[in-house]
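The values are calculated or read from the model by the stated rules, or taken from the named source; none is laboratory data. This one's a predicted model, so the numbers in the text were calculated from it and none came from an experiment. All Cβ positions, glycine included, derive from the backbone under ideal geometry; neighbour counts span all protein chains shown. Quick note on the areas: whole protein, heavy atoms, side chains included, nothing else; ligands and nucleic acids left out. Shrake-Rupley method; radii C 1.70, N 1.55, O 1.52, S 1.80 Å.
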Amino acid sequence: MKLGVNIDHIAVLRNARQINDPDPLDALGIVKRAGADQITIHLREDRRHIHDADAKAIIQNSALPVNLECSLDPEILNIVCELKPHRATLVPEKREEVTTEGGLDVLSHFGKLKLAVEQLHAHDIEVSLFIDPDLQTVEACHKLGVTWVELHTGTYANIFAMLYSNLSRSRHSVKSLEKLSKNELTKALKSSIQQLHKAATEADKLKLKVAAGHGLNYHNLDAICDITEIEELNIGQSIIARSVFSGLENAVIQMKELIK
């Protein structure tokens with residue numbers, strides 16, 4: 001199972017003071033040396049962390065493949081086609097969200113996605129779709145002719161955190177989970193894992209490569225790593241958070257060891 005390291009939050013720290021460091025570009029050699037397999041960045045429409053110049057410099061200078069997450073916005077798609085990353089992962093995006101809250105509604109936006117996939121393929125860019133673990137959605141992705149699906153693990157991560165990390169005390173806790181008992185949360189966690197496993201199995205049957213990401217950290221990987229159809233994990237915030245105390249190289253090495 002490979003590891004893609006999302007370095008967006010290095011840019012978050014830089015942008016907090018509107019200065020030049022830390023520079024996300026400086027992470028490339030460290031992440032590679034630590035044994036990661038991919039660099040992941042998200043060029044959001046509001047440019048809240050990674051900027052256009054960051055994306056260009058990272059793609060031009062990275063010795064690792066770059067997975068560029070982006071929305072279906074035409075301006076963004078044109079930029080992605082100019083930059084030509086190894087892979088583009090299409091994700092849903094809302095300006096008011098703190099972070100991506102779920103997978104693409106592939107069924108409702110099938111026509112728009114088809115045009116985006118064709119545009120990216122015309123520029124020799126591998127395409128992945130960030131989706132919820134739903135069998136109909138997986139089948140629709142297959143019809144779109146993409147190479148990858150990335151399963152949204154946010155629901156699993158939120159339930160796990162409610163059970164084991166006192167997320168109910170956080171202002172970002174999930175309202176729909178707050179009133180559930182520990183027994184109900186345990187059942188919900190099992191159901192979430194089963195959904196991810198079924199979606200990964202279906203994607204594998206359809207010859208789609210399977211990645212997973214969102215909310216994954218040093219504590220909740222076990223159940224995800226047990227799903228053998230998943231070939232790659234994309235993890236960012238928890239690695240960058242740990243790097244504040246242990247250094248980026250150590251943080252990536254520790255994550256790689258957990259995955260192994």
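In the chain, carbon and sulfur make up what percent of the accessible area (probe 1.4 Å)?
Values: 6170 of 12890 Å².
Its accessible area is 48 percent carbon and sulfur atoms.
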With springs only between Cα atoms under 10 Å apart, run a GNM on the chain and tell me which of 249, 69, 150 wobbles the most.
249
Per residue, how large is the accessible surface of the stretch 217-259? Use a 1.4 angstrom probe and give square angstrom.
46 Å²
Between 152, 109, 49, which gets the highest mean-square fluctuation from a Gaussian network model of the chain, Cα cutoff 10 Å?
109
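Helix-derived [θ] at 222 nm for the chain: sum -39500 (n - 2.57) over DSSP H runs of at least 4, divide by residue count, nearest 500?
Values: 12 runs with 125 residues, N = 260.
When only DSSP H runs of four or more count, the value is -14500 deg cm²/dmol.
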Quote the convex hull volume per residue of the chain, based on C-alpha atoms, as a whole number of Å³.
127 Å³
Under 12 Å between alpha carbons, and skipping anything fewer than 8 positions from residue 32 in its own chain: which aspartates and glutamates qualify?
249
Just name one of 76, 196, 160: the one whose Cα is farthest towards the positive end of the charge dipole of the chain (beta-carbon charges, Lys/Arg +1, Asp/Glu -1).
160
Kirkwood hydrodynamic radius over Cα pairs of the stretch 140-260, then Stokes diffusion coefficient at 10 °C and 1.306 mPa s, in µm²/s:
102 µm²/s
Under 5 Å from the placed amide H of residue 69, counting only residues 5+ away or on other chains, we find 41, 42, 43, 89
On alpha-carbon atoms, Rg over Rh for the stretch 1-43 using Kirkwood Rh?
1.02
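Which of the residue pairs 2/256; 143/209; 207/256 have a Cα-Cα distance greater than 18 Å in the structure shown?
Working: 2/256 8 Å; 143/209 14 Å; 207/256 26 Å.
Beyond 18 Å: 207/256.
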Please give the charge dipole size of the stretch 1-140, origin at the Cα centre, charges +1 on K and R Cβ atoms and -1 on D and E Cβ atoms. Round to the nearest 20 debye.
420 debye
With θ set to phi - 60°, apply the Karplus curve 6.51 cos²θ - 1.76 cosθ + 1.60 along the stretch 149-157 and write out the HN-Hα couplings as whole Hz, x wherever there is a Gly or Pro.
10, 10, 7, 6, 9, x, 5, 4, 5
Taking θ = phi - 60°, what integer Hz values does the Karplus form 6.51 cos²θ - 1.76 cosθ + 1.60 yield along the stretch 4-21, in sequence order, with x for Gly and Pro?
x, 9, 7, 9, 3, 6, 5, 5, 4, 5, 4, 5, 4, 10, 6, 10, 9, 9
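Given a Förster distance of 41 angstrom, what is the FRET efficiency for residue 72 paired with residue 207, based on the Cβ-Cβ distance and rounded to 0.05?
Details: r = 24 Å, r/R0 = 0.59.
My answer for the efficiency is 0.95.
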Most fluctuating residue of 92, 65, 74 in a GNM of the chain with Cα springs under 10 Å: which is it?
74
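Work out the length of the dipole vector of the chain about its Cα centre, built from +1 on the beta-carbon of each Lys and Arg and -1 on the beta-carbon of each Asp and Glu, and round it to the nearest 20 debye. Can you show the working numbers first?
Values: 30 positive and 36 negative charges, 126 e Å.
In debye, rounded to 20, the chain gives about 600.
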